[in-house]
Amino acid sequence: MIYLDHNATTPLDPAVLEEMMPFLTAEYGNPSSLCPGGKRAAAAIARARDQVAALLRCAPDEIVFTGGGTEADNAALRSALAVGLAATGRRHLVTTLVEHSAIRNLGRALEREGVEVSWGPVGTDGVPDVGWLADRLRPDTALLSVMLANNETGVLAPVAELAAIAAAKGVPVHTDAVQAVGRIPVYPAELGVGMLSLSAHKLYGPKGVGALYVSRRVRFRPLLIGGGQEDGRRAGTENVAGIVGFGKACELAAAWLESTPATGRETGPQSGPQPGPVPAAGPAALAALRDRFEAGLVAAIPGTAVNGGGGSRLPNTSNLSFAGVAGDTLLTLLARQGLCCSAGSACATGSPEPSHVLTAMGFDRGRAKSSLRFSLGRTTAAAEIDEALALVPRLAERVRAG
Ligand code: PLP
C-alpha cells in the first residue's frame, strides 16, 4: 500500500507503541489513586505533559489533555463563550468558512443556541481574509477561532497577524492547530493565541487523545464536569496509555522537525527508485518530495491544478484538481491499486456535497468534485512517490475516457 492520507491519520510510531504497552498491561493503576501503581501512572502523565509542552515551548500546566482534537475545539469555544458571557455578556464568535467540521458544525450548533457567528471568507489561495475578520471583532466578541493549517489544502493562515489585531481589540484567540503540530514548528506564545488544539493521531500517536493548550493568562471553564483530573479542567479518569503515547509522539515530532536530510539523495528527481523505503528526513525533505509529486502530476495530466498552492502550506499536503476527472471514481480506482488518498476531509467521505473548503475558495462544483487530497508523511519514501507518479496519470486518463 502507498499511504498518502496522513491528514486523515498517521500510523502509530513503533517507539510510541513501545512506550504505551506497559500502561495497557501491567501498569493499570488509576493516576488519582495513591497506591504505587497509581503514582507511577500519575508520574507517566506528568512526563507526557512535559513532552507535549516541550514541543509547543509552553509551560506544562498550560496543557490540558483531552479525548482528541474535536474535544479540544469544543472545550475552547464553549469555554470562551461561557467566560465571555459571564464576564461581559459576550455572545459573538468569529471564525472562517474553511474550518474543520469540529469547529464548523459546533459553530452551527452554537448559532442554534443563540450565539452569533461571523464566518470569514478566504481568497482563491485559501488564505483567510484578514481585513474582513479584523472588521468583525467587536466588544461583544467572545472569541476569534481560525485554524492554523487547513486539513484539506494544507494552507496556513496568518494566525499571528490576526492574534495581534485581536489582542489590540481585547478579543481572545483560539487556533485549531491539529494539522500543523508536528509538521511545522508551532509555538502558541509566538503565535499570540490563548488557546490551541492538537491531536495525537496526526503526529504518529494514538487516536482518541489530544490536548488543549490554555495560556496561563486565559480564564478557562471546563467542558466536562466531574472529578478533579487535569487540575479541574477536564474531568474523567485519564487515558493513561494514550497520553503516554502522545507524549512520546511529541518528543519524536520535535526531533523530526529539527532533522535535515543526511544527503538530500532521497528527494532528488534524478534519484530514481530506492532500494527500500527511505523516509523523508525533516520538513524540508518532505516538502521537496511533495513538490516533486505535484510537479510530476501537473506535467503528466493535462488540466491539473494545485488547490491552495500559491501561499504558505504544510510541507506534506497536496490538493489537486484534475479537470474532467470524477474525483471519487479516481479515488476508488487508486484505492483498488493500493494507493490511499482522499477526496476532501476524511470526515466528509461519502458526502455528495463538494468540499466546503474548495467552494469557499471560489471553485465551482466541477473543480471541487474533481479534486483529491494527497498527504505525505514522515515515512513516505521516494520510491512510493515514483510509483504514485506512474499510477495516478494512468488511472486519471482511464476515468476521463469514461
Ligand atoms: N481539526 C482538524 C483541523 C482536523 O484535521 C481534525 C481531524 O481530522 C480534527 C480537528 C479532529 O481531531 P480528532 O480526530 O482528534 O478529533
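Filter segment 165-186 down to residues that are more than 11 Å from the ligand (Cβ to nearest atom) and among the aliphatic types (A, V, I, L, M) and give me whichever is surrounded by the fewest Cβ atoms within 10 Å (Cβ to Cβ). So, considering only residues that are more than 11 Å from the ligand (Cβ to nearest atom) and among the aliphatic types (A, V, I, L, M), the one surrounded by the fewest Cβ atoms within 10 Å (Cβ to Cβ) is ALA168.
Residue pairs whose Cβ atoms lie under 6 Å apart, separated by 6 or more positions or on different chains, with the first residue in segment 136-160 and among the charged types (D, E, K, R) and the second surrounded by fewer than 24 Cβ atoms within 10 Å (Cβ to Cβ) and part of a strand (DSSP E or B), are ARG136/SER118; ASP140/HIS92. Considering only residues in segment 72-103 that are away from the ligand (no atom under 12 Å from the Cβ) and part of a loop (DSSP other than H, G, I, E, B), the one that is surrounded by the most Cβ atoms within 10 Å (Cβ to Cβ) turns out to be ARG90. Are any residues in segment 50-71 part of a loop (DSSP other than H, G, I, E, B) and over 16 Å from the mean Cα position of the chain (by Cα), and if so, which ones? Residues satisfying the conditions are ARG57, CYS58, ALA59. Within segment 59-73, residues that are more than 11 Å from ILE45 (Cα to Cα) sit with their Cβ atoms under 6 Å from residues that are within 14 Å of the ligand (Cβ to nearest atom) and among the charged types (D, E, K, R), at 6+ positions apart or across chains, in these pairs: ASP73/ASP176. Total residues in segment 229-239 satisfying the condition of being surrounded by fewer than 24 Cβ atoms within 10 Å (Cβ to Cβ), in contact (Cβ under 8 Å) with a residue 24 or more places away in the chain and on the phi < 0 side of the Ramachandran plot: the figure is 5.
Restricting attention to segment 194-235 and to residues that are within 16 Å of the ligand (Cβ to nearest atom), in contact with a strand residue (DSSP E or B) (Cβ under 8 Å, 6 or more places away or on another chain) and of a type in the set (A, V, I, L, M, F, W, C), the residue that is farthest from ALA142 (Cα to Cα) turns out to be LEU203.
Per the listing VAL214, VAL159, VAL181, the residue uniquely in contact with a Phe, Trp or Tyr (Cβ under 7 Å, 6 or more places away or on another chain) and under 18 Å from GLU62 (Cβ atoms) is VAL214. For LEU191, indicate whether it is more than 10 Å from the ligand (Cβ to nearest atom), in contact (Cβ under 8 Å) with a residue 60 or more places away in the chain and closer than 17 Å to ALA76 by Cα. When the stated conditions are applied, LEU191 does not pass them. Candidates in segment 128-164 are the residues that are of a type in the set (Val, Ile, Thr) and surrounded by 20 or more Cβ atoms within 10 Å (Cβ to Cβ); of these, the one that is farthest from the chain's Cα centre (by Cα) is THR141.
We did not get these values from a lab; they are worked out from the coordinates using the rules stated. Because the structure is a prediction, the values reported are computed rather than measured. Please note: Cβ atoms are built from the backbone with ideal geometry, for glycine as well, and neighbour counts cover all protein chains shown.
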